[in-house]
Amino acid sequence: VREDRLLIRRFNAGDTAALRRIYNKYRLDLLSVAGALLNDPASCEDVLHDVFVGFASQAGRFELIGSLKGYLAICVANRARNANRQDRQIGPERLIEARPRQSGQPDSSQAVAYEEQRLIVTSALAQLPEEQRQVIVLHVLGCLRFRQIAQLIGESINTVQSRYRYGLRKLQALLDGKTGL
Amino acid sequence: MNEPDKIKDLLRRTYRETPDVSGATEVDERILSDASTTMKQALATNSSRQRVAVWRTIMRTRTARLAAPIAAVVAVFVITFWDRSAGTAWSVEQTIAAIKELKTLHIKGKTYYGSDLVDFECWIRSPGRESDFLKIRYQSERKTVVVRSNVVYEYWPKDKLLKIEHGPRIPGFEFWYRAAQLSFWPTGQMLKTLKLFSDDWKQVTQKDPNTGKELVLVTCSFRPSNTSFFFVVDTESRLIQRAKMWKNMRQEGEPDTDMQTFIYDEEVRDEVFEFEMPSGVTIVNKKAIEESEALCDKAENLFHKEKKYGEAIGIYRQIYDKFPDLNVAEHALMMIGICHGRLGQPDKAIEAFQKATSEYPNLKGWIEATYFYLGCAYMDQGQEEKALEAFEHCLAAAEGVRDPDKFPVKHARECIDRIKIQQQR
């Protein structure tokens, strides 16, 4: 947290190295949040692009309240939700065709197995109500506490915990026997 | 591992342990390049706009009446250090070194509270070796303010009202907290920031006819806040001896705040920066603010959508009675006047507008519209001279605060022209 505050100070002073450090520090976490929330995983990097450009536009006046990772994660979640709304036609069936746009991916059996697993899990996540999916992803992949999520999405902590519980139960039923659980 | 844990583990394995955790890719470079460009553009546009916006915010809020003298005092405290930079051999490092030597500042003087001139004292302890956070106590017979890091206590002894707030969220104070966060308070960065405040910094050196000492006299002003300053600096100690602040651009008339005595490095007891909860005090808290906002929404709905002006008056009256010290009170009084106007009760409308202008005369950014509506109410009654006076007040109050080509300044000007043409006929 202290490092984030220092980075934000430098960022507000126009230090591009600080921006790069923030990006590198949270890139993978944010990509994982985006990947799990988007119906179309090919849009992950577009969402990341939009979030960071939006974040950069606040240089000089950005005030960090809470955790930077939490802030960026919720930005990703909001963008992902908007992207999903814009393209409601994309359902689980389209996920089979979609491929994450990631460069340098090794063509190995490990990668193929990973891809299969990812498609199954993403398909299951996509069948959850948007609110439950968001809470699960932000808590498990974004590592945000329920309290932080509640603050960020403007709901009570009890609502957030309920969504998490119900979502997890449903996800468990959807994935039962499909991924070696 | 239980079932929920297995799900969580699966999600992490699926989305976090990607097999292509490569370094920077072309996509990353594109994102960073676009973000960097945006960042530079944002800084370029924000830097000029921000200082204007901050000061405009400060001076438009109700808290400005509290914040203005304190802000002036804190500005003096920091500009004192800035003045140490006036010499040709100045460097930020020298100033920062000098700051470390100075621990406290105690100012005594007079300030206007509404139309009354009252004595005040202010103590500031910078967050140096002996203080781990910024501490300020500002005290007058009308108001006491204690700043302890991010917590601000505002106390009105006459009404026994206390407001406890998170400093950085108080509109009039946010700048000071933001500046303090930018760099260690107050440092070279702060000096640079403050240097941006002034539009017309001028300084002349002359000898004190009584003591023969060399003094530097500084004047400066800042247009968006319609505020000007005057400082007297002792060149030997390089410290400010006296300072004044006006709420006009040219140091005209009586200063709104006259800081007559500066005492440096005085031993200040820790208790000075403590806030003791007075007995029988009413705490105006966040809940009150939320309640006032809810009432405002209700009243706005009655006024704009349902056009039930009588009922709206009742709600606005509640707002004014319950929260006279919140921003919404002046607005509520103005709206009461407008409602009476809509109900064809010009006398009552004028009464409400007059009450607003007499109780909140210095509420820049808010009061101009009330003067405008007061002028309109007088015009409706055919009292042209009084209307003219109200419109002139509107123009005077709006100077440096409101856009001259927008409401209410533009409309007030047009009304004045119309009245003058009628009078010529």
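Criterion applied to A:31, A:6, A:48, A:64 was being out of contact with any Cys (no Cβ under 6 Å at 6 or more places or on another chain) and either more than 25 Å from residue A:147 (Cβ to Cβ) or surrounded by 18 or more Cβ atoms within 10 Å (Cβ to Cβ) (or both), and the one residue passing it is A:48.
Looking at this structure, is residue B:391 closer than 23 Å to residue B:331 by Cβ and open to solvent by less than 40 Å² (accessible area, probe 1.4 Å)? Explain how you work it out, then say what you get.
On the way: closer than 23 Å to residue B:331 by Cβ: yes; open to solvent by less than 40 Å² (accessible area, probe 1.4 Å): yes.
Judged against the criteria, residue B:391 is a match.
In this structure, is residue A:111 in contact with an Asp or Glu (Cβ under 9 Å, 6 or more places away or on another chain), within 13 Å of chain B (Cβ to nearest Cβ) and at pLDDT below 85? It is true that residue A:111 is in contact with an Asp or Glu (Cβ under 9 Å, 6 or more places away or on another chain), within 13 Å of chain B (Cβ to nearest Cβ) and at pLDDT below 85. Counting the residues of region A:1-59 that are under 18 Å from residue B:15 (Cα atoms) and not aromatic (Phe, Trp, Tyr) gives 24.
Checked against (1) at pLDDT below 85; (2) buried (at least 17 other Cβ atoms within 10 Å of the Cβ); (3) over 30 Å from residue B:379 (Cβ atoms), residue B:286 passes all but condition (2).
When only residues in region B:100-113 that are open to solvent by 30 Å² or more (accessible area, probe 1.4 Å) and modelled with pLDDT under 80 count, which is nearest to the chain's Cα centre (by Cα)? Let's see the steps before the verdict.
Going through region B:100-113, the residues open to solvent by 30 Å² or more (accessible area, probe 1.4 Å) turn out to be B:100-101, B:103, B:108, B:110, B:112-113.
Next cut, modelled with pLDDT under 80 only: B:100-101, B:103, B:113.
Values: B:100: 28, B:101: 29, B:103: 25, B:113: 15 Å.
Filtering region B:100-113 for residues that are open to solvent by 30 Å² or more (accessible area, probe 1.4 Å) and modelled with pLDDT under 80, the one nearest to the chain's Cα centre (by Cα) comes out as B:113.
Just one residue in the set B:14, B:37, B:45 is at pLDDT 75 or above and under 33 Å from the mean Cα position of the chain (by Cα); that residue is B:37. If I filter region A:149-161 for residues that are modelled with pLDDT under 90, facing chain B (nearest Cβ under 9 Å) and part of a loop (DSSP other than H, G, I, E, B), do I get at least one hit? No, there is no match, as no residue in region A:149-161 is modelled with pLDDT under 90, facing chain B (nearest Cβ under 9 Å) and part of a loop (DSSP other than H, G, I, E, B).
For region B:138-148, give me each residue that is within 14 Å of residue B:270 (Cβ to Cβ) and either in a loop (DSSP other than H, G, I, E, B) or within 17 Å of the chain's Cα centre (by Cα) (or both). Residue satisfying the conditions is B:146 alone.
Take the conditions assigned to a helix (DSSP H, G or I), aliphatic (A, V, I, L, M) and open to solvent by less than 20 Å² (accessible area, probe 1.4 Å) and apply them to residue B:396. Does it pass? Considered against the rule, which asks whether it is assigned to a helix (DSSP H, G or I), aliphatic (A, V, I, L, M) and open to solvent by less than 20 Å² (accessible area, probe 1.4 Å), residue B:396 comes out as no.
Do we find a residue being within 22 Å of residue B:113 (Cα to Cα) and not β-branched (Val, Ile, Thr) anywhere in region B:399-418?
As a first pass, look at region B:399-418 and keep what is within 22 Å of residue B:113 (Cα to Cα): B:399-401.
Those still in the list that are not β-branched (Val, Ile, Thr) too: B:399-400.
Among the residues of region B:399-418, at least one is within 22 Å of residue B:113 (Cα to Cα) and not β-branched (Val, Ile, Thr), which makes the answer yes.
Among residues of region B:1-22 that are open to solvent by 80 Å² or more (accessible area, probe 1.4 Å), those with a beta-carbon under 8 Å from a residue that is at pLDDT 70 or above at least six positions away or on a different chain give the pairs B:1/B:9; B:12/A:140; B:12/A:141; B:13/A:117; B:21/A:28.
The values are calculated or read from the model by the stated rules, or taken from the named source; none is laboratory data. This one's a predicted model, so the numbers in the text were calculated from it and none came from an experiment. Every residue, glycine as well, gets a Cβ built from its backbone with ideal geometry; the counts of neighbours run over all protein chains shown. We work out accessible area using only protein heavy atoms, side chains counted, and drop any ligands, DNA or RNA first. Shrake-Rupley method; radii C 1.70, N 1.55, O 1.52, S 1.80 Å.
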